[in-house]
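Worksheet for the structure shown next.
Read-outs: derived from the displayed coordinates by stated rules, not from any lab. Computed from a predicted model, the values in this text were never measured in an experiment. All Cβ positions, even for glycine, are placed from backbone atoms using ideal geometry, and neighbour counts span all protein chains on display.
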Amino acid sequence: MDNLGEAIQATFSKHFIDVGTCPQCGARLFVPKARTDIGGACPTCGYIDSNKHAVRTDEDWTLEANKNDQINYFISNSIIPGLNMMSSKFENMKMTPELNNVVGGAKNIATRMAKPKHRPIHSLFTGASGRGKTHTAISIINEVWRLTNYQYKFIFIDYPLFVSMQQQAINDREAQKLLDNVMNQVRKGADCVVIDDLGTEPQMANDWNSSKFNEIMRYREDKDVIITTNLAAEKIADKYNEQTMSRLRKFAKGNFINFGENIPDYRRAM
């Protein structure tokens, strides 16, 4: 062993199994290898699974493994400002009468997306800031995961952050490596790509932002994509190009959702 830390880790791994994420602090939960029938405990914050006497079946372990795989894939390949937003679900939306129709449409998208070999879905969420577009998009992620037992690969791209990172990547090889990896997953790895806040990105002199979105849509022409934007649909063609908008329309029928002005500011309502 190179150091004491590695020796301790090796000894720990001989006796304990990683069983998931701690809901209290986000660290890992472990159970003794000799007692896999009990709930996990977190050595970081001291959390103990209250369901400690439950017997875990093979299906439970498979689901937990799938969940860990998909969450790790998501975190490794997404550009996201923070993981707290991933707690967004349909069940914890602060519903208003005006949101009923858009949430119903979003649930329908999630149900269709969860079906094997479904027709590709190009979904565009349009509307002013604070109307619940991002919460709804992440709710679709969590719902599809639930419906498929975590058998679906998502990545999330905060588009303004994505563009800003390109400026950083000029002099930062690690940032460039991350961007290259994200685009590789957009092209051939992810089942669905969520692009958030399209149109609010900083403008770069070389028009990298628009050319990169055009590239993303070339890759996703026959694959699932969800886009949230403050822009009206016709403005997307003006800001990027008509060919890109044509690709977006290809599988858009029944998948466009307008978060209208009658919907109260979601952030103020929370």
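Quick look at the values:
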{"read-out": "Burial ranking of peptide ranges 257-263, 118-124, 59-65 (average Cβ count within 10 Å, highest at the top)", "value": "118-124, 257-263, 59-65"}
{"read-out": "Between helix 100-113 and the chain: long-axis angle, C-alpha atoms, 0 to 90°, nearest 10", "value": "70"}
{"read-out": "From phi via Karplus (6.51, -1.76, 1.60), per-residue ³J(HN,Hα) for region 57-62 in Hz, x at Gly/Pro", "value": "8, 4, 5, 4, 5, 5"}
{"read-out": "Distant-in-sequence amide H partners of Ala114 (H built 1.01 Å from N, under 5 Å)", "value": "none"}
{"read-out": "nm² value of the averaged projected area, convex hull over the Cα atoms of the chain", "value": "17.5"}
{"read-out": "Region 143-166-region 75-134 distance, computed between alpha-carbon centres (Å)", "value": "11"}
{"read-out": "Quotient of Cα Rg and 2.2 N^0.38 Å for region 74-148, N being how many residues it contains", "value": "1.12"}
{"read-out": "Helix-only [θ]222 nm of the chain, DSSP H runs n ≥ 4, -39500 (n - 2.57) each, per residue, nearest 500", "value": "-14000 deg cm²/dmol"}
{"read-out": "From phi via Karplus (6.51, -1.76, 1.60), per-residue ³J(HN,Hα) for region 174-191 in Hz, x at Gly/Pro", "value": "5, 5, 5, 5, 5, 4, 4, 5, 4, 5, 5, 6, 4, 6, 9, x, 6, 6"}
{"read-out": "Degrees between helix 208-219 axis and first principal axis of the chain (Cα, 0 to 90, nearest 10)", "value": "70"}
{"read-out": "Set Lys107/Lys177; Lys94/Lys177; Lys107/Lys239; Lys94/Lys117; Lys33/Lys177 screened for pairs whose C-alpha atoms are more than 31 Å apart", "value": "Lys107/Lys177; Lys94/Lys177; Lys94/Lys117; Lys33/Lys177"}
